[in-house]
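Quick notes on the structure that follows.
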Amino acid sequence: MVASNLAAYRRAGCDNFTNHQWQPLRPGYHITVPYGWLNDPHGLFQRNGTTHMFFQYNPKAMAWGAPFWGHVVSRDLVRWSWLPPALLPDQLYDRNGVWSGSATIDNEGVPVLTYTAAGSSVPEFGNFFQQQAAAVPEDLSDPLLKRWRKLPSNPFLTQVPPGGTNFQFRDPTEAKDAVWTALTSPQNPKPLPKPHYALAVGSQAFCMGGAGIYTAANMSGPWSYVGTLFNQLDIEPEINGQCLASRIGSSSSSSSGWPSPAYGGPCDQFGALCRMWEVVDFLELDPGLFMVKWDDQSRFRGLFSMEWYVLGNGPWDYSALHPKQPSNKAAAAADEASGMGASSVSSKLPRKARKAPESTHSSSSSISGQVLGWQYRGYPNGTHAERSAGSNAATAAAVQAAAAAADAGFNTIEAGVVAATRSLFTGQLDGLKFMPQRTDYGSVYASTIFKTADGRQLMVSWVQDTAAGCADSCSDQLPPVIEAMGFKGVHTLMRQLSYDRATKSLRAYPVREVQLLRGAQLYNASAAAVASLPGLTTLVPVGTVAPLSAKAPNSSSSSSSSSSSSSSKTSQPDTANVTQSTARQFEVHLNFTLTPSKPLAPAAAGSSSSSSRGSKIPGNVSGSTAASSARQDTGPVLQPEEFAVGIRLQLSRPNDSFNRYVDIFLKGTVAQLLMHASPSITDLSLWVDRSSAGPSSNTTYSEGGPVPLPVAAADAWLLPGQQLQLSVWVDHSVIEVFGMGGLARATSRVYADDDDVAWGVSSWAKLPSKLQLLNHGETQTDSGNSSSGSSTLAGVVSERAAAGSSAGHGGFWGGLYCWWCKLWYSRCSCQCEKAAGSVDPRCAARASSSSSSSGSSSSSSTAERAQQQQQQQQQGSITDAEVSWAVTADGAVWEVQNAWLPPSC
């Protein structure tokens, strides 16, 4: 025992656990702590029908400190009981914290908790010495497994990957899941015996993020390093030699001569280009399809903490296993004998080296230039502005690092150790490279994933505080609103993960068990009209929270449960004397339908969308040239226009002197493409706008990003058949948002200033006043006589085509740009078609016809064209015809009951 007073915290959270009082910002059905700090969830497993979940917990203060392992249990994944902390930082090797980890059910059925033990702090490395340790239950007959004991063999793992350091070496994964599946596969030339164990640990080797793989015959060890699971070079081979240390954190110098803080020694944990990978997870999302997930932090982008995933079903690179070490044999033998490993902290810094040829790295194998995951162009630094800022900061950091180290190549990988950076997981999906995508656009970090007894893959995440005055993860700040709350950190609802084949992306959506928490239904309607902004359609009226003594638990007033309000359209939501105890706990589902006022011309024969089936280009249009060219040049085509449909969470009353609210919405573009008979959604994104939420909330930026679109043109989302789906769970200061059934997620925090307002819910839509039908019948118009409307379409389409081309994924917008060229200029071979090397089959025929007719098409006079346009107008095919849209929504709103059961201490 390092500190005897730690024993007092074995009842932390039990004696002060209250959940029956009205607390305006404390969640009622999300996991948080009675007092103190909460972050990473981890160590989930199921035993005898009970789900155990652990998490990083500081019961002493509302700040990150030497963390405990908090412990809660549930029988249904949504209602939880608080237990005493399972692990305390009470040993020499973990005196600075029992950090994140996982749980493995061993071959004897015993749950084993593995975690990172944080030991001594070393100033010149700016971090704690990190090793891996384990614990098992003291009494297996206890159904709640309240008490745990640490193994005498701790720490069981100290060896770091080649080029790594024990100051960036943490968060072991489960030892009998996807990593184990890959190594025990018959495809492996040297398969791991099935009774053995295999896990991965996050690391920063050669200053780049990644995860090392380790195997053992027993959970207690000894463990051996066998290779790399995945790392930054697999995604960005160009960063080799660019991962210079940051020196901009402080002007002070430590005794080592390194300006501090240089997190992890010369490698910056929060670097501009290269950074530590934390909380790595690996799972089999679908049979034969795997997902790797990691988290990183950077001070060179808009969001400090971000979480990423990559999907792949490509072949394993088993040649990456058991890399040969370039180190001296005697030194390696000494390292192994000491248990430190060939590249432990004893090797200190990555060696000065020659730059390795890129062809030696697995990510440089011959892969098509096309990539999947193209919608998420923010990796690794968010928006274009953030990427520019990050690039500038990276340049400044590199200059300072070079000057400070006087050696610009200290972290470049040697040719001799390239094998140590090759990865088992190749990150290829259906033969294409999969670029990293975000698991959630909001404030989530450090998700953990586990497989349930019924085979579901579930994920739960830490939701960071983002109140006004917070920075980074808000550990070092205490804004007044959070000080009044008395806690920091919340966990998301459990989300079930699945693979969406149409979009080739991750789908994550709350587990079905959340329906057990539904209380009174406050709203229910089908095909209800949705008001257009600034009007609102009230679903749940704003009200006033009654004193607790006047309310029964989980009760609601009848005034708020009427569905008749669904058709009211007002500039402000109606008011009511709402008295339910769950006045800020909602589950909202709305499915919006956009319907044009007039039917558009059907596709001509031979232009069915089925002709483009099988396309492998994301959002592909240009890949269907033959199909689009088969269509006759007749019929109107809808000009691309933007729309938005959403939900407003009203945080203030209509008679207040201020109007505070949060808008949650889907924003997109609708256009009529040549291969479809109906207009389709060509762009879509999900957003949470907190700019009007009040002074205690962070109103400086909106959280959100693109919704993945179907990859094949045949699967395009056509209107009005495709509904726009929004699902929202509101729990006081926590908002979880899911677009299109979980294809996009955004989790946000809101800190309302008024304690007695029962929040309201409204729906709204925003559509252009004019949606023009573009005349597609006049194909012989020369470029000099295009209508003025073409400039607008050109600006939208050509800009996005250029943006897509620069990112290496210009298939969709490039195709749309070519379509625009044909439409307005009759150019068979637009510049983008030439760049793509494609040829319109009509071009040769047109060229031949043009030469044989001696330019007859150009002999038409202006008067003849005017007469032709007049005839078309009389036939109803005119360029300025307008299509208006009606918006309706099917939907329901429920109260959500409190989820905490009495503590079991």
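For the pairs 176/293; 293/504; 60/488; 451/488; 194/433; 190/433, note any where the Cα-Cα span goes beyond 23 Å. Flagged as over cut-off: 451/488; 194/433; 190/433. What the Cβ-Cβ distance of residue 322 and residue 476 gives, at R0 = 35 Å and to the nearest 0.05, is a FRET efficiency of 0.25.
Positive-end ranking of 688, 659, 705 along the dipole of segment 639-771, with charges on Cβ about the Cα centre, is headed by 705.
Applying the Karplus relation 6.51 cos²θ - 1.76 cosθ + 1.60 with θ = phi - 60° to segment 291-299 yields 3J(HN,Hα) values of 10, 10, 10, 8, 10, 9, 10, 8, 8 Hz, where x marks Gly and Pro. Split the accessible area of segment 639-771 by element, probe 1.4 Å, and carbon with sulfur accounts for 44%.
Each residue of segment 428-440 was assigned a 3J(HN,Hα) from its phi angle through the Karplus curve 6.51 cos²θ - 1.76 cosθ + 1.60 (θ = phi - 60°); the sequence is 10, 10, 6, x, 10, 5, 9, 7, x, 10, 7, 6, 7 Hz, with glycine and proline shown as x. Phi-derived couplings, Karplus 6.51 cos²θ - 1.76 cosθ + 1.60 at θ = phi - 60°, listed residue by residue for segment 687-694: 9, 10, 9, 9, 4, 10, 7, x Hz, with x used for Gly and Pro. Ligands, DNA and RNA are left out, and with a 1.4 angstrom probe the accessible area of segment 639-771 is 25 Å² per residue. Note on residue 524 and residue 92: their simple-model spin labels are 6.6 nm apart, each label 7 Å out from Cα toward Cβ. The overall shape of segment 1-154, judged from the alpha-carbon gyration tensor, is oblate: a/c is not under 1.5, and a/b is no greater than b/c. Taking 0.36 nm per residue of separation and subtracting the current Cα-Cα distance, fully stretching the chain between residue 886 and residue 121 would add 269.1 nm.
Counting charges near residue 757 (Lys, Arg +1; Asp, Glu -1) among other residues having Cβ under 11 Å from its Cβ returns a value of -2. For segment 639-771, the mean projected area of the C-alpha convex hull, equal to one quarter of the hull surface, is 9.1 nm². Dipole magnitude for segment 487-527: computed about the Cα centre from +1 point charges on Lys and Arg Cβ and -1 point charges on Asp and Glu Cβ, it is near 140 debye.
Amide H to amide H, with H built 1.01 Å from N, residue 68 comes under 5 Å of 57, 58, counting only residues 5 or more places away or on other chains.
Amide H contacts under 5 Å for residue 660: 651, 652, restricted to partners 5 or more places along the chain or on a different chain, H placed in the peptide plane at 1.01 Å from N.
The values are calculated or read from the model by the stated rules, or taken from the named source; none is laboratory data. All values derive from a computational prediction rather than experimental measurement. No Cβ is skipped: glycine too gets one built from the backbone with ideal geometry, and neighbour counts run over all protein chains shown. Calculation scope for accessible area: heavy atoms of the full protein, side chains included, ligands and nucleic acids excluded. Shrake-Rupley method; radii C 1.70, N 1.55, O 1.52, S 1.80 Å.
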